[in-house]
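The values are calculated or read from the model by the stated rules, or taken from the named source; none is laboratory data. The structure presented is a predicted model; accordingly, all values stated were derived computationally and were not measured. Ideal geometry is used to build each Cβ from the backbone, glycine not excepted, and the neighbour counts take in all protein chains shown. For the accessible areas, the whole protein counts, side chains as well, though only heavy atoms, and no ligand, DNA or RNA atoms are used. Shrake-Rupley method; radii C 1.70, N 1.55, O 1.52, S 1.80 Å.
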Amino acid sequence: MTATASAPAVRHFLRFDDFTREEVEHVLSRAAVIKDRFKRYQCYQPLVDRTLAMVFEKASTRTRVSFEAGMYQLGGSVIHLTTGDSQLGRSEPIEDTARVISRMVDIVMIRTFGQEKIVRFAAHSRVPVINGLTNEFHPCQVLADILTFVEHRGPIAGRTVAWIGDANNMAYTWLQAARLLGFRVNVSTPPGYALQPELAPAGDHFRTFTSPAEAACGADLVTTDVWASMGFEAENQARRSAFAGWQVNAELMRQARPDALFMHCLPAHRGEEVAAEVLDGPQSVAWDEAENRLHAQKALLEFLLLGRNVK
Ligand code: CP
Ligand code: NVA
């Protein structure tokens, strides 16, 4: 080591594959420990005096509540900003916002539109930045979803996930997770709504299917999401017609393995992308997924702020 050795680079979680497989496995195993302690009312507050700033440029229920509750439970505190109540809404550059916020807090979570915006923020941040959803990716949700799968069915490596519906932020993040963790995704999207190759580089980790039934065939997990994501509301009407054959209902679930799970990141529209019989049925683990946002993100905050120096 030289006297001029530079400080280690700040780690961010902007995409699922910003972490190695081993790091994801570490975070998942810590999530299980932190969850177990929480369920037993054991106080675990390693983040006393640490502050999380959350920046929301889109609406949220789960992401806000899970990060805010999680940070307080770990002993830290939280600042909540939106576009409307900050200078972001009055065109302060994202780079300047990053420089300022990251001198005052220890970690930042951002929910915004284009991924490039969060990348620019991170490039000018002194502290770790977490992607709380962009148009392209939703890594915190897939972290919680994999924790949920593992709890119910064991390791996800070698399994098959069926993605039915829109080629959106959740779909692209599932593909990153599949490549990293060694499982496969069968993707079925309607004509005109296919995966964008630049967000889904080809590989053995996914296959595309014209028919949703073929994509679901033999799957260990069937998952879907809204037909029009936040920011795409103007396309609601057109998408309702285009996606009509891509509803996850009991008939589609019968194509999957008999013990297949159903997941949805929520919020859901019963009668559109998912039938009530599935979302509210015995194969659905949607409520576990939502709860696991809390536990997975507490482990993520712990990892980004403390590394592996934890007990
Ligand atoms: N799944 C999810 O991110 O939910 P919110 O939009 O409510 O945060
Ligand atoms: N794909 C959805 C996920 C919401 C949590 C959206 O971006 O609106």
Next item on the list: Give the residue, chosen from 207, 257, that is part of a loop (DSSP other than H, G, I, E, B), open to solvent by 40 Å² or more (accessible area, probe 1.4 Å) and either in contact with a Phe, Trp or Tyr (Cβ under 9 Å, 6 or more places away or on another chain) or away from ligand 2 (no atom under 15 Å from the Cβ) (or both).
Entry: 257
Checklist line | Only listed residue being open to solvent by less than 50 Å² (accessible area, probe 1.4 Å), more than 30 Å from residue 33 (Cβ to Cβ) and away from ligand 1 (no atom under 16 Å from the Cβ), chosen from 248, 222, 226, 274 | finding: 248
Notebook entry, point to check: What is the residue count in segment 277-294 for residues that are of a type in the set (A, V, I, L, M, F, W, C) and either surrounded by fewer than 17 Cβ atoms within 10 Å (Cβ to Cβ) or away from ligand 1 (no atom under 16 Å from the Cβ) (or both)?
Noted result: 2
Notebook entry, point to check: What is the residue count in segment 21-49 for residues that are open to solvent by less than 70 Å² (accessible area, probe 1.4 Å) and of a type outside the set (Asp, Glu)?
Noted result: 15
Notebook entry, point to check: How about segment 183-226: which of its residues are touching a helix residue (DSSP H, G or I) at 6+ places or on another chain (Cβ under 7 Å), hydrophobic (A, V, I, L, M, F, W, C) and within 17 Å of residue 252 (Cα to Cα)?
Noted result: 185, 187, 209, 213, 216, 221, 222
Notebook entry, point to check: Which residue pairs have Cβ atoms closer than 6 Å, lie 6 or more positions apart in sequence or on different chains, and pair a first residue in segment 75-94 that is modelled with pLDDT of 95 or more with a second residue that is assigned to a loop (DSSP other than H, G, I, E, B) and not charged (D, E, K, R)?
Noted result: 75/45; 75/47; 75/48; 76/47
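In segment 23-54, which residues are more than 23 Å from residue 288 (Cα to Cα), part of a loop (DSSP other than H, G, I, E, B) and not charged (D, E, K, R)? Full working, then the answer.
Just the residues of segment 23-54 that are more than 23 Å from residue 288 (Cα to Cα), to begin with: 45-54.
In the following step, the residues that additionally are part of a loop (DSSP other than H, G, I, E, B) were identified as 45-50.
Selection gives 45, 46, 47, 48.
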Check: Within segment 210-242, which residues are assigned to a helix (DSSP H, G or I) and more than 21 Å from residue 178 (Cα to Cα)?
Finding: 233, 234, 235, 236, 237, 238, 239, 240, 241, 242
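Being surrounded by 12 or more Cβ atoms within 10 Å (Cβ to Cβ), within 16 Å of ligand 2 (Cβ to nearest atom) and free of Cβ contacts under 8 Å to residues at least 12 places away in the same chain is true for just one of 232, 243. Which residue is that? Before you say what the answer is, go through the steps one by one.
Values: 243 fails: free of Cβ contacts under 8 Å to residues at least 12 places away in the same chain.
Of 232, 243, the one residue that is surrounded by 12 or more Cβ atoms within 10 Å (Cβ to Cβ), within 16 Å of ligand 2 (Cβ to nearest atom) and free of Cβ contacts under 8 Å to residues at least 12 places away in the same chain is 232.
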Check: Just checking, how many residues over segment 169-200 are open to solvent by less than 50 Å² (accessible area, probe 1.4 Å), within 22 Å of residue 245 (Cα to Cα) and more than 15 Å from ligand 2 (Cβ to nearest atom)?
Finding: 4
Next item on the list: Looking only at segment 34-85, count how many residues are touching a strand residue (DSSP E or B) at 6+ places or on another chain (Cβ under 8 Å), more than 16 Å from ligand 1 (Cβ to nearest atom) and more than 23 Å from residue 308 (Cα to Cα).
Entry: 1
Checklist line | Where residue 297 falls short, out of the listed (1) within 16 Å of ligand 1 (Cβ to nearest atom); (2) surrounded by fewer than 21 Cβ atoms within 10 Å (Cβ to Cβ); (3) assigned to a helix (DSSP H, G or I); (4) of a type in the set (S, T, N, Q) | finding: (2)
Check: Inside segment 57-75, can you point out the residues that are closer than 14 Å to residue 108 by Cβ and touching a helix residue (DSSP H, G or I) at 6+ places or on another chain (Cβ under 8 Å)?
Finding: 57, 63, 67, 71
Check: Among the residues of segment 19-39, is any more than 22 Å from the chain's Cα centre (by Cα) and not basic (Lys, Arg)?
Finding: no
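Looking for something touching a Gly at 6+ places or on another chain (Cβ under 6 Å) and touching a residue at least 12 places away in the same chain (Cβ under 8 Å) - is there at least one such residue anywhere in segment 199-222?
Taking segment 199-222 and keeping what is touching a Gly at 6+ places or on another chain (Cβ under 6 Å), we get none.
No; the residues of segment 199-222 include none that is touching a Gly at 6+ places or on another chain (Cβ under 6 Å) and touching a residue at least 12 places away in the same chain (Cβ under 8 Å).
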Note to self: Cβ contacts < 6 Å: first residue within 16 Å of ligand 1 (Cβ to nearest atom), restricted to segment 156-177; second residue open to solvent by 10 Å² or more (accessible area, probe 1.4 Å) and not in a loop (DSSP other than H, G, I, E, B), any location; separation 6+ or different chain. Result?
What the structure shows: 165/246
Notebook entry, point to check: Of the residues in segment 260-283, how many are more than 16 Å from residue 163 (Cβ to Cβ) and in a strand (DSSP E or B)?
Noted result: 1
